[in-house]
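The values are calculated or read from the model by the stated rules, or taken from the named source; none is laboratory data. Source: prediction; values computed, not measured. The accessibility values were calculated without ligands, DNA or RNA, using every heavy atom of the protein model including side chains. Shrake-Rupley method; radii C 1.70, N 1.55, O 1.52, S 1.80 Å.
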Amino acid sequence: MVDSLKRSLEQVEAPTCPSCRIQMKWYRSTLIATDPVTITHSFACPNCERIAQINSVVSEDSTPPPRKLSAPRIQCAA
């Protein structure tokens, strides 16, 4: 799930505050739905503290990459 959050945040560009005209800072991401994975990213203006939210949908791969597979490792003692 953390990988999904990171990928969705990489796709989102920080909005510009409509009153101050400066780039807002990210402060939180929240999982809204799991099918499809929908995440809300919240941004705050460092000057006037106005809040903006952007939703993003993350497409999940059906199979994880090989480096992410986990399996018990059995080692035989000699």
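Whenever you get a sec, compute what percent of the accessible area on segment 6-55 sits on carbon and sulfur atoms (1.4 Å probe).
Reported share for carbon and sulfur atoms: 47 percent.
From the phi angles alone, apply the Karplus equation (6.51, -1.76, 1.60; θ = phi - 60°) to segment 26-39 and give each ³J(HN,Hα) in whole Hz, x where the residue is Gly or Pro.
Those phi angles translate into 5, 9, 6, 10, 10, 6, 9, 9, 9, 9, x, 5, 10, 10 Hz.
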